[in-house]
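Chemist: Below you will find the structure I want to go over with you.
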Amino acid sequence: MVPQDLFLGRTPDITMLEEECDIPALISHLASREPDIQVAAAEALARMGSPATGPLIAALRTRKRARRLGIIAALGQIGDVQALDALDGLTKDQSSEIRWQACIALGQIEGGGAVPVLLFSLRDRDKYVRYASAVSLNKAGYVPETDDDRAWFSAGMQDWERLTALRNAAVPVLTSLLSDPDADLRRKAARALGAIGSSDAGPALLHALGDEDRQVRWEAMLASQMCEVPSMLLPRGLCRRPRLRKNPLVAGILNFLLPGLGYGYLGKWWGIMIFQIDITTTVWIFKYYGEANTYGILFPLYIILGVHAWYITKKMPEEPP
Amino acid sequence: MPLSDLLTRYPADIRNLYAVRDVPTLIRFMGHPDPKNRTIAVDTLTDIGAPAVPALISALRSPRSYVRLGAIEALAGIRDPASAGPLITHLQKEKHSELLCAVIFALGETGSPEAIPCQVHLLSDNAKYLRLAAAVSLERLGWEPENERDRLRYRIARCDWDAVRKAGPAAVPWLCDISQDPDPAIRSRVISLLGEIGAGEGCRACEAGIRDRDPGVRWASVLAAMNCGITPARMPLFLASRERTGPNPAAAGILNFLFLGLGYNYIGKWWGFPVFMAYMSVIVLAQLATSPFLPYLVAYPVTAFLGLHTYYLARRISDQG
C-alpha cells in the first residue's frame with residue numbers, strides 16, 4: 001500500500017509522473033490498493049519501455065506481494081527480453097499468484113525465449129499457473145512435440161476432449177490431476193480416465209475412491225468400471241474415505257461434565273440453552289440447599305444426559321459414501 | 001485404533017501361517033492395524049481356498065468391520081457357490097455401506113444363480129453405490145434382463161443416462177423411483193432427464209424437486225417443470241413450501257429472548273457472544289444488588305423485543321438460496 005492512499009485520499013497524477021519520467025514514483029504506485037492506479041502505473045512504465053526494466057527488476061526485491069504483482073505486470077507489458085531471467089525465477093515463487101502473474105508476463109515477451117520456462121510451469125501444482133502457461137505458450141505459437149507435452153498442454157488449457165483423445169498418453173497427466181486441490185478438476189480427471197478406459201489408471205482410481213469429495217469418489221467408482229479395476233477392490237478403496245462422524249464418547253463426556261455442550265457438539269441449537277439453564281439452576285440450588293445436596297440432585301441427571309448424548313450419537317446414521 | 005488392537009497379539013510373520021493353514025489366526029490378521037497385513041491375510045486365505053470357507057462364513061459375524069470386509073473379499077476370491085447363501089443372509093444384516101457393496105460384488109464372484117433375485121431387487125435401491133454394484137454383479141453372473149422394465153432399471157443403475165433418455169416415457173416410473181436419491185447430483189440428473197423426456201408422469205417427481213433442500217436440484221426442477229406439465233404459476237408455490245435449510249427462526253428468537261446474544265450468535269453474528277456475556281454480567285450484578293427475580297422482570301420486555309428482531313433476521317437468512 002502506498003502512504004498517499006492512506007493519508008491523502010486523492011488519486012495520484014500518473015500522467016504527470018510519466019511526463020516527468022519519475023520511474024521510482026510510478027513503481028511505488030504499482031503497490032496501490034486501487035487496481036486502476038496499479039494498471040495505470042504499469043501502462044505508464046510500459047510506455048517508457050526498456051529504461052524502466054532495470055529499476056523494475058531491482059524493485060522486485062521487495063517482499064510485498066501487491067507491489068511484486070504490479071512490477072511483474074509492468075515487466076510483461078514492456079516485453080523486454082532482459083526481464084526473462086527475473087521472471088524465470090518468479091515462476092518458482094511460493095505464492096501461486098506471483099507464479100501466475102509471471103507466466104502471463106512471460107507470454108508477453110517476444111522471441112520464444114520463455115518457452116522452456118513455461119513448459120516447466122505447465123506442470124505446476126496450481127491450475128491458474130498451468131492455465132496461464134498454456135495460454136502464454138499458445139501465444140508464443142508453441143506446438144507440442146511429444147504426447148506428454150501435448151497432454152500437459154491440453155490439461156493446462158482445460159481442454160478435456162483433446163486430453164481424452166490422447167488416450168493412454170494422457171493417463172499419467174490425468175493421474176497427477178487426481179491430486180489437484182480443486183475437487184472439480186479431480187472429478188473431471190476421473191471422468192476422463194473413465195472415458196479413456198486404460199487399466200494403467202487403476203491404482204490412481206482406487207486411491208481416488210478415498211477422496212474427501214463425494215462426487216470425486218463417485219466418478220472414480222464409475223471410471224473404475226471402465227478401466228477394468230477388479231470390483232472386489234472397490235469397497236476397500238471406499239473404506240478409506242474421511243469420516244465426518246461425531247464421536248459418541250466426546251458427546252457423552254461433554255454432556256456429563258458440561259450439560260448441554262454435548263448436544264451443542266452434535267449441532268443441536270438448544271444445547272447452549274440447556275447449558276445456560278444448568279448453570280443458573282446449579283447456582284440457585286447451591287445457594288438454597290448447599291453443596292452436597294446440589295451434587296446429590298444434579299449428579300444422576302448429568303449421568304442421564306451424558307448417556308443420552310452418547311446414545312443419540314451412536315444411533316446417528318453414517319454419511320453415505 | 002480400536003482398543004482391541006492394543007490387546008491383540010499378532011504373530012511376527014504372517015506368511016508362515018499359510019504353511020500351517022492357521023485359518024483362525026489369519027482371520028484375526030484381517031483386522032490388523034497395518035493395511036498391508038490385512039491384504040496379505042485376505043490373499044493367503046483366498047489361496048487356502050475351500051477349507052477356509054466355514055471359518056470365513058463365521059467371520060461375517062465379527063463385530064470388527066475390517067474382519068468382515070476381509071472375510072467377504074476372501075469368500076469372493078475363493079468363488080465357492082456354497083458361500084452365496086450366507087452372503088445373501090449377511091446382506092440383510094450388514095449396516096456399513098461399503099461392506100454392503102462388497103457383499104454384492106462378492107455375490108457376483110460366487111457365480112451362483114441363487115444370488116440373482118436379490119441383486120435384481122437391489123437395482124432399485126435408494127443408494128447409488130448399491131445399485132451400481134448390483135448391476136456390475138449381475139453382469140458378472142451372466143444375467144440378461146428378462147423384460148424392458150429390468151433392462152431400464154439396469155441402465156439406470158449403471159448411470160447409462162443416454163440409453164435411459166432414448167427409452168422415453170417408459171423410463172419415467174423408474175426415474176421417479178430414484179428421484180429421492182441421497183445424492184443431489186443424481187437427483188438433479190434424474191429431474192433433468194424427466195424434463196428432457198417430457199412425459200407428464202414425471203410431474204410429481206418434478207414438483208418434489210422444486211421443493212428439494214438442494215438449490216441445484218430446485219433449479220434443475222424449475223427448468224424441467226414446463227416439459228413435465230407443471231404450469232409456471234404453480235412453481236413459486238412449490239418453491240415457497242420447500243424445507244428451509246438456514247437457521248431456525250424460532251430457535252433464534254427463543255435463544256435471544258432467554259439468553260440475549262446467543263440468538264445473534266446462532267445466526268452467525270460474531271458479536272453475539274460478547275453481547276451474551278455482557279447481558280449475563282449485568283443480570284448477575286443486578287441480582288446481587290436487588291433480588292433474584294426483579295432484574296428478569298426488567299430484562300424480559302427488552303429481550304422479547306430483541307428476540308423478535310432475531311426471529312425476523314433468521315427468517316430473512318433462511319429465505320435465501
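Read the figures in this text as sums done on the coordinates, not as results from a lab. Not measured: the values here are computed from a predicted model. All Cβ positions, glycine included, derive from the backbone under ideal geometry; neighbour counts span all protein chains shown.
Chemist: Quick one: Karplus J couplings for the range A:236-251, per residue in order, coefficients 6.51, -1.76, 1.60, θ = phi - 60°, nearest Hz, x for Gly and Pro?
Modeler: Ordered by residue, 3J(HN,Hα) equals 5, x, 5, 4, 7, 5, x, 9, 9, 6, 6, 7, x, 5, 4, 4 Hz.
Chemist: On C-alpha positions alone, give me the angle between the axis of helix B:148-157 and the longest principal axis of chain B, in degrees, nearest 10.
Modeler: With rounding to tens, the tilt is 70 degrees.
Chemist: In addition: Using the Cα centre of the range B:3-149 as origin and beta-carbon charges of +1 (Lys, Arg) and -1 (Asp, Glu), tell me which of B:THR110, B:GLY142, B:LEU60 is placed farthest towards the positive end of the dipole.
Modeler: Comparing the listed Cα positions along the dipole, B:LEU60 ranks first.
Chemist: Let me ask something else about it. Which distance in Å, rounded to a whole number, links the C-alpha centroids of the range A:254-321 and the range B:166-220?
Modeler: The range A:254-321 and the range B:166-220 have Cα centres separated by 43 Å.
Chemist: Kindly write out, for the range B:306-315 in residue order, the coupling ³J(HN,Hα) from the Karplus curve 6.51 cos²θ - 1.76 cosθ + 1.60 (θ = phi - 60°), rounded to whole Hz, with x marking Gly and Pro.
Modeler: Using θ = phi - 60°, the values come out as 5, x, 5, 4, 5, 4, 6, 4, 5, 4 Hz.
Chemist: Using the Cα gyration tensor of the range A:248-314, with a ≥ b ≥ c the square roots of its eigenvalues, what is the shape: rounded (a/c below 1.5), prolate (a/b larger than b/c) or oblate (neither)?
Modeler: Verdict is oblate for the range A:248-314.
Chemist: Could you tell me the center-to-center distance, by alpha carbons, between the range A:100-170 and the range B:16-60 in angstrom?
Modeler: A separation of 50 Å, based on Cα centres.
Chemist: Going by the alpha-carbon gyration tensor, a ≥ b ≥ c the square roots of its eigenvalues, is the range B:212-321 rounded (a/c under 1.5) or, if a/c is not under 1.5, prolate (a/b greater than b/c) versus oblate?
Modeler: Cα axes put the range B:212-321 in the prolate bin.
Chemist: Right, something else. Hey, got the average number of other protein chain Cβ atoms within 10 angstrom for residues in B:287-293?
Modeler: Partner Cβ neighbours, averaged per residue: 1.
Chemist: Here is a follow-up. So what's the back-of-envelope 222 nm ellipticity for chain B, counting only DSSP H runs of four-plus at -39500 (n - 2.57) apiece and dividing by all residues, rounded to 500?
Modeler: When only DSSP H runs of four or more count, the value is -20000 deg cm²/dmol.
Chemist: Which angle between 0 and 90 degrees, to the nearest 10, do you get for helix A:65-78 versus the longest principal axis of chain A when only C-alpha atoms count?
Modeler: On a 0 to 90 degree scale, this one is about 30.
Chemist: Which of A:ALA105, A:THR62, A:ILE78 sits closest to the plus end of the dipole of the range A:57-105, meaning its Cα is farthest towards the positive end, when Lys and Arg get +1 and Asp and Glu get -1 on the C-beta?
Modeler: Value computed over the given set: A:THR62.
Chemist: To the nearest 20 debye, what charge dipole does chain A have about its Cα centre, counting +1 at the Cβ of each Lys and Arg and -1 at the Cβ of each Asp and Glu?
Modeler: 1620 debye
Chemist: Hey, what did the range A:3-142 get for relative contact order, percent, Cα under 8 Å, at least 6 apart?
Modeler: 17 percent
Chemist: In the Gaussian network model of chain A, springs joining C-alpha atoms below 10 Å, which of A:PRO300, A:PRO144, A:PRO35 carries the largest mean-square fluctuation?
Modeler: A:PRO300
Chemist: Let me ask you something else. Tell me which chymotrypsin sites (Phe, Trp or Tyr not before Pro) from the range A:237-297 have a DSSP coil assignment and no more than 16 other beta carbons within 10 Å of their own.
Modeler: A:TRP270
Chemist: Need one word for chain B: rounded, prolate or oblate. Basis is the Cα gyration tensor (sqrt eigenvalues a ≥ b ≥ c); a/c below 1.5 gives rounded, then a/b vs b/c decides.
Modeler: oblate
Chemist: Moving to a separate point now. Given a cut-off of under 8 Å on Cα pairs at least six residues apart, what relative contact order in percent is computed for chain A?
Modeler: 8 percent
Chemist: Here's another thing I want to ask about it. Report the charge-dipole magnitude of the protein assembly as shown in Debye, nearest 20, computed about the Cα centre from +1 at each Lys and Arg Cβ and -1 at each Asp and Glu Cβ.
Modeler: 1940 debye
Chemist: To the nearest 20 debye, what is the magnitude of the charge dipole of the range A:160-304 about its Cα centre, counting +1 on the Cβ of each Lys and Arg and -1 on the Cβ of each Asp and Glu?
Modeler: 180 debye
Chemist: Within 10 Å of each candidate Cβ there may be at most 10 other Cβ atoms; applying that plus a DSSP loop requirement, which GluC sites (Glu not before Pro) in the range A:82-187 survive?
Modeler: A:GLU145
Chemist: Follow-up question, since we're still on this one. Relative contact order for chain B: what percent, with Cα pairs under 8 Å and sequence separation of 6 or more?
Modeler: Taking the mean separation of contacting Cα pairs over the length of chain B, I get 8 percent.
Chemist: Something else now. On alpha-carbon atoms, Rg over Rh for the protein assembly as shown using Kirkwood Rh?
Modeler: 1.06
Chemist: Averaged over B:91-98, how many beta carbons belonging to a partner chain fall within 10 Å of each residue's beta carbon?
Modeler: 3
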